[in-house]
Amino acid sequence: MVAHDNTVMNATITNATPSADDESTLPESTPIGTDPQRDVMSDVVPDVTPEEVPGATIASTPATATVPAEEMKPSQSVTYRPMRWNDLDDIVREFDRTWGQCSAAAGTPVSMQISRHFVLHYLEPTTRAIVAELDGRFMGVTLSRVAGEPLAFPQAKQELAAINGELNRSTLGAKTLSETEQWHEMELRMEREIDINDVARGEIELFLVAKSARGHGVGGSLWRQAMDYFANYQVARFYLHTDSSCDVSFYDHKGLNCIAARYAADHPEDGADMDDIFIYAGTPESTR
């Protein structure tokens, strides 16, 4: 869902995030299911000024799957479809592009490895994953979880163990992985302190919008579709992790409430580069 020692952030979501204007740029979308043969949608990309998007939690390398903002014309159509396993590399690359500079491993091969760890960490419990693309090029993704529903990618657990093994083969990789796992544990501790999983069946694991797509309605549309998914499964309440490296005003604008916060100034033991960490919660009906 979100970030850790400045390596990444959850979410938008929880790690990349849409601007407050994104939610008004596209018409309401109908729910998307999980059958890639049936559930394909498209929206016309509106001609609006790009803006930064709030984050969820994760990162990746050079951009082969993004469209420069100047190439996105109003007549072009963004398609929303269930994620396929072969989308993983595109998601990891964009994750690294978005949050890779926050890691001590920035600019090294370990940065891509830790970004892959983050994406797989959020993908492992995911029960629904939707990708936005333009002419086959990656524009964004939401990874969502509804407690009790089947996993979207059961193989993610084994792949996560494999990348952790690769990270542990180098000194920098092992150090970065250790810091990252401490971040994950901090998030879990925050969840336990407020018993959020007892009252919220849904979670946004990752909310990532490609930089070239921001301000074009992609984030707003992905968000609404995630809310539709929760509503269809009678999820009365959901939550997400985020931090001060993201534009948390997006979640305020959407009507979510900050229900837990860990301020870096109160925890010098976490290190000088630590961000403030938050848990936001809301209801699908009131946050579209």
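Restricting to segment 140-288, compute how many DSSP beta bridges are antiparallel as a %, nearest 5.
Values: 18 of 20 bridges.
Counting only bridges with both partners in segment 140-288, antiparallel ones make up about 90 percent.
When the dipole is taken about the Cα centre of segment 135-288, and only Lys, Arg (+1) and Asp, Glu (-1) are charged at their Cβ, what size is it in debye, to the nearest 20? Don't jump to the answer; show the numbers that get you there.
Details: 15 positive and 25 negative charges, 137 e Å.
About 660 debye.
Assuming a viscosity of 0.692 mPa s and a temperature of 37 °C, what translational diffusion coefficient in µm² per second does Stokes-Einstein assign to segment 198-254, Rh being the Kirkwood radius over Cα pairs?
Value of D from the Cα-based Kirkwood radius: 261 µm²/s.
Which value, in Å³ per residue, describes the convex hull spanned by the Cα atoms of segment 106-164? Present the calculation step by step, with values, prior to reporting the outcome.
Details: hull volume 6.1 nm³, N = 59.
Considering the Cα atoms of segment 106-164, their hull volume per residue is 104 Å³.
Evaluate the distance, in nm, between pseudo-label points positioned 7 Å from the Cα of Arg189 and of Asn168 along their respective Cα→Cβ axes.
Going from the Arg189 label point to the Asn168 one covers 2.2 nm.
7 Å from Cα along Cα→Cβ at both Asp273 and Gln234: what's the point-to-point distance in nm?
Spacing of the two 7 Å Cα→Cβ label points: 4.7 nm.
Would you mind computing Rg(Cα) / (2.2 N^0.38 Å) for segment 138-197, counting N as its residues? Please list the in-between numbers first.
Values: Rg = 14.8 Å, N = 60, 2.2 N^0.38 = 10.4 Å.
That ratio works out to 1.42.
Could you tell me the extents of segment 151-285's C-alpha atoms along the three principal axes, largest first, rounded to whole Å?
That works out to 46, 38, 36 Å along the principal axes.
Taking a probe of 1.4 Å, how large is the accessible area per residue of segment 108-229, in Å²? Could the numbers behind the result be given before it?
Numbers: 4400 Å² over 122 residues.
Result: 36 Å² per residue.
Once amide H atoms are placed 1.01 Å from N in the peptide plane, what residues at a sequence separation of 5 or more from Ile259, or on another chain, have their amide H within under 5 Å of its amide H?
Amide H neighbours of Ile259: Ile279, Tyr280, Ala281.
The values are calculated or read from the model by the stated rules, or taken from the named source; none is laboratory data. Only a predicted model underlies this, so the values are computations on that prediction, with no experimental measurement involved. Cβ atoms come from the backbone with ideal geometry, glycine included; neighbour counts cover every protein chain shown. SASA here: full protein model, heavy atoms, side chains in, ligands and nucleic acids out. Shrake-Rupley method; radii C 1.70, N 1.55, O 1.52, S 1.80 Å.
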